[in-house]
1. When the range C:169-223 is examined, which residues are found to be among the charged types (D, E, K, R), out of contact with any Asp or Glu (no Cβ under 6 Å at 6 or more places or on another chain) and over 22 Å from residue C:20 (Cα atoms)?
2. Looking at B:185, B:216 in this structure, which one is in a helix (DSSP H, G or I) and at pLDDT below 95?
3. Which of the residues that make up the range D:84-102 are modelled with pLDDT of 95 or more, in contact with a helix residue (DSSP H, G or I) (Cβ under 6 Å, 6 or more places away or on another chain) and surrounded by fewer than 24 Cβ atoms within 10 Å (Cβ to Cβ)?
4. Being crowded, with 17+ Cβ neighbours inside 10 Å and more than 23 Å from residue C:122 (Cα to Cα), is that true of even one residue in the range B:107-116?
5. Which members of the range C:81-90 meet the condition of being of a type in the set (A, V, I, L, M) and either more than 11 Å from residue C:113 (Cα to Cα) or in a strand (DSSP E or B) (or both)?
6. Which one of these does residue C:52 not meet: (1) away from chain D (no Cβ under 12 Å); (2) surrounded by fewer than 24 Cβ atoms within 10 Å (Cβ to Cβ); (3) of a type outside the set (D, E, K, R); (4) farther than 29 Å from residue D:91 by Cβ?
7. Of everything in the range B:135-183 that's of a type in the set (Ser, Thr, Tyr) and under 16 Å from residue B:123 (Cβ atoms), which residue is surrounded by the most Cβ atoms within 10 Å (Cβ to Cβ)?
8. Within the range D:107-124, which residues are among the acidic types (Asp, Glu) and more than 14 Å from chain A (Cβ to nearest Cβ)?
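The values are calculated or read from the model by the stated rules, or taken from the named source; none is laboratory data. Only a predicted model underlies this, so the values are computations on that prediction, with no experimental measurement involved. Methodologically, a virtual Cβ is constructed for each residue, glycine included, from the backbone with ideal geometry; neighbour enumeration extends over all protein chains shown.
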Number of protein chains: 4
Amino acid sequence: MRTPVLVINYKNYRQGYGDSGIRIAEYAKKISEQYDVEIIVMPPFTEIRSIINVGVPVYAQHADPLGYGASTGSIPLEALKDIGVRGVVVNHSEKRVDLRFIAKVIELSKKLGLETLVCAEDINVAKMIALLEPEAIALEPPELIGSGRAVSKAKPEIITEGVQAVKSINSKVKVLAGAGITNYEDVAKAIELGSEGVLVASAIMIAEKPDKVIEEMVKALKK
Amino acid sequence: MRTPVLVINYKNYRQGYGDSGIRIAEYAKKISEQYDVEIIVMPPFTEIRSIINVGVPVYAQHADPLGYGASTGSIPLEALKDIGVRGVVVNHSEKRVDLRFIAKVIELSKKLGLETLVCAEDINVAKMIALLEPEAIALEPPELIGSGRAVSKAKPEIITEGVQAVKSINSKVKVLAGAGITNYEDVAKAIELGSEGVLVASAIMIAEKPDKVIEEMVKALKK
Amino acid sequence: MRTPVLVINYKNYRQGYGDSGIRIAEYAKKISEQYDVEIIVMPPFTEIRSIINVGVPVYAQHADPLGYGASTGSIPLEALKDIGVRGVVVNHSEKRVDLRFIAKVIELSKKLGLETLVCAEDINVAKMIALLEPEAIALEPPELIGSGRAVSKAKPEIITEGVQAVKSINSKVKVLAGAGITNYEDVAKAIELGSEGVLVASAIMIAEKPDKVIEEMVKALKK
Amino acid sequence: MRTPVLVINYKNYRQGYGDSGIRIAEYAKKISEQYDVEIIVMPPFTEIRSIINVGVPVYAQHADPLGYGASTGSIPLEALKDIGVRGVVVNHSEKRVDLRFIAKVIELSKKLGLETLVCAEDINVAKMIALLEPEAIALEPPELIGSGRAVSKAKPEIITEGVQAVKSINSKVKVLAGAGITNYEDVAKAIELGSEGVLVASAIMIAEKPDKVIEEMVKALKK
């Protein structure tokens, strides 16, 4: 993961499926190239193959620490790797898992050459995850997710203290900020506070002009 | 679901991904048409779109009782419907869920016009599920799954008693048998014992010639 | 369980521990004898032995389907039986369990000669539980628990439909009503709607004069 | 917790209930005083009050991070404190909880003045827990629990590496060893490898002469 980075969580918004999901990935690709800023997209599982075809880096929204074989209804890391994702997200506030599960996902991802972005709801959890050395941790206070109130404004201390806490455990782990991030200013503030990128969902996914929002956020990252 | 039926669970076998997964779906389609017997396939989530393109009926391996919106890492029924699946499986032994979850999946599936195939590990559970009126219940004693010992031979009474128990609650609910079913004889026996179809995974998925196994099983269903 | 019945859930209110918990059990015993109405109390685990000494019938607030042996931090049915409880409650809204777990608790309780009172949050769940033939089912809409708005007034149809649904599955299973029941009138109404008893917590436990509330409710049961 | 320490997990062995449970606590008390070595016992919840009366330090086998109030079937820390336990165990292999739950238990225990002994199944988990600064961590490889093969002999490196890992995070956190510890030699070896005490269950609880086993182990701790 190259930083500063914009990670776009498609969630299961209708706009993330089918043609409109592909269009958003195409915007991401174009703007990423134009500004030379890393943009990663997280489409729903059924859309992963078509989004990868766009040529933008893809993270899965969740994954199970499994290889191929006799499992049903799960998302094996090994299959994701072969399909071409670059990484996986685990422990999103809408898909919480036990920290032991996170440990297994990180361990197998490293073997397979996949990156891991692990969400953390508070600083205690972020520190515990940092010990496991994922590629990156996203600090997301659950009460701000989808709130329209940006973490970088409503709880700036989460970012400053979180960055410090994670780096004190392992300085190589990147720290992103998420929850409620809506515009240029929210992103700029998040970077100013020490984060190395942002995780954004609704502000882009349900925007009338998602390309404008992406571009605005990328400019804030570049500043 | 037309009965008798063969349901092929791709699980997460390597053979179920990419071109070989498509090939198995093509076999299913051809043999289904040739013998006029219903064959349903259950591919992994990332493969659903390409398998639907083959023109064979598809069930998802699991689903969440959700519409589009702010959820991450889950499998919303509403999106599956729009993508074109015909139904969903829930409570597979490798993806157990609470019975309340099953109730919600069945309820929303009915609203959306999706079929539901619910796995049951014993007769008590099968009866409770029958009250919820899914399209079908698959009786699968967990200890026989993947064992190569067919439920229809190793535990025939599970099928006879299970069929009777489910039908006594709701005669419209179809009953399939699964676990360890490997060949013509296992399928024939399952039908003879009163089931209306079979759920098969490894016997087809890791076969050298999956088309031969599918054809053999379909012949047994037709008998 | 003799009906009509008053079941007092001590929950973990401070008043349910130590001397004040014993006093409430003594009130229950006295009023039960005076009016010849069954009253059952559900103390916290650590208080079970001292409350049993009072001579009032005791149900545990939860139990695990286990015998004696190598388990830690759980509540084995077999030990509860030997200690002298008459029954156990499972699936309270504050201690939800999977329906499979309920099936196991009911099965082992029958073997041991313990009664089971199973809480149900809606009519679907109540019907599924009725198939398992517990001693009794308590209908408790979660949104009314602790609300002060009695189920018998706010959602009377839950009781009438619930009683009918459970009895249509198994007429021997008793049906109690719970959630928000506060006074004489709430209890009288619950009985009038067809329930065979009530499950009450805060109205008694945090009352200034719990004996008065118990007596009032017992009069309503007797009416 | 004074070290070296012997912690006796009563589990739910029949011998831990009633008079025989009290007898074992009395042995613990007597031997503890005689040898001036700390012995802590972990009785089942229903036995906590009678064992505390013996005058030996008691830890609960599990606890929930709750105060008094409207909860059912759980074990509130606040009530345990008032009853007189000195500490609580969480995350025993027979009662696993999420690491977030552990964080909450440790936090509330500190406020209440209760000690916490947290079990860890591997070194990764032990390190994560050490960040939360409990009183002590017990290293217990699950595959050895109840096996009769002592961790100190079968996996000595777990103890040496675990002690080092925990102390590198927080040198104040004590480290105990558990799983399969049966006799003098196993205890002596555990101490020699750097642990500050042992957690023992079946070797004492189902012994014909538990007092002899306790005494033997205490001698090994003193050595």
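1. C:172, C:185, C:186, C:189, C:192, C:196, C:219, C:222, C:223
2. On the way: B:216 fails: at pLDDT below 95.
Selected residue: B:185, the only one of B:185, B:216 that is in a helix (DSSP H, G or I) and at pLDDT below 95.
3. D:84
4. Yes: one or more hits.
5. Residues satisfying the conditions are C:83, C:88, C:89, C:90.
6. Result: residue C:52 passes all but (1).
7. Once the filter is applied, the top-ranked residue is B:152.
8. Taking the range D:107-124 and keeping what is among the acidic types (Asp, Glu), we get D:107, D:115, D:121-122.
D:115, the sole residue that qualifies.
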